[in-house]
């Protein structure tokens, strides 16, 4: 008999406007309720004419969140015409190491114009 793991989906950004050169942080995602078998996915939608970068920030004690030096950004260079249908929508694997808490950071990296981000994180 196989095992079963629920997939937990969290909306991390809802039409979040991020100014040129700025960033936004999701709320705290408590990974204690998921099995953390090492799999997570981020589905995004980006509009606007800027360039987006997505990163996973982790913490074991809620005092500070960092991007571990051993994991890359989730996605860089994403624009409103990126994605398989060139519509600013795509999904990415989230590189993770075991931690209790997670935040997703979205940044506008071209320092040109604002972006608007909606994103969902799935973990199991």
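Can you find a residue that is touching a residue at least 40 places away in the same chain (Cβ under 8 Å) and crowded, with 17+ Cβ neighbours inside 10 Å anywhere in the range 67-88?
yes
For residue 40, only one of the following conditions fails: (1) under 13 Å from the mean Cα position of the chain (by Cα); (2) over 15 Å from residue 120 (Cβ atoms); (3) surrounded by 18 or more Cβ atoms within 10 Å (Cβ to Cβ). What is its number?
(2)
Among all residue pairs at least 6 apart or on different chains, which show Cβ distances below 8 Å where the first residue, located in the range 34-53, is at pLDDT below 90 and the second is buried (at least 17 other Cβ atoms within 10 Å of the Cβ) and in a strand (DSSP E or B)?
Close Cβ pairs satisfying both conditions: 34/123; 36/123; 39/123.
All but one of (1) in a loop (DSSP other than H, G, I, E, B); (2) under 13 Å from residue 47 (Cβ atoms) hold for residue 118; which doesn't?
(1)
Would you confirm, using the coordinates I've provided, whether residue 58 is in contact (Cβ under 8 Å) with a residue 12 or more places away in the chain and surrounded by fewer than 17 Cβ atoms within 10 Å (Cβ to Cβ)?
Spelling it out, it is not the case that residue 58 is in contact (Cβ under 8 Å) with a residue 12 or more places away in the chain and surrounded by fewer than 17 Cβ atoms within 10 Å (Cβ to Cβ).
Given the options 86, 107, 111, name the one that is at pLDDT 95 or above and either over 17 Å from residue 25 (Cβ atoms) or over 11 Å from the mean Cα position of the chain (by Cα) (or both).
The unique qualifying residue is 86.
Name the single residue, out of those in the range 114-124 being under 14 Å from the mean Cα position of the chain (by Cα) and modelled with pLDDT under 95, that is surrounded by the fewest Cβ atoms within 10 Å (Cβ to Cβ).
122
Just need a number here: residues in the range 11-68 that are assigned to a helix (DSSP H, G or I) and closer than 19 Å to residue 109 by Cα.
0
The values are calculated or read from the model by the stated rules, or taken from the named source; none is laboratory data. If you're wondering where the values come from, they're calculated on a predicted model, not measured in any experiment. Counting neighbours? That spans all protein chains shown, and the Cβs are built from the backbone with ideal geometry, glycine included.
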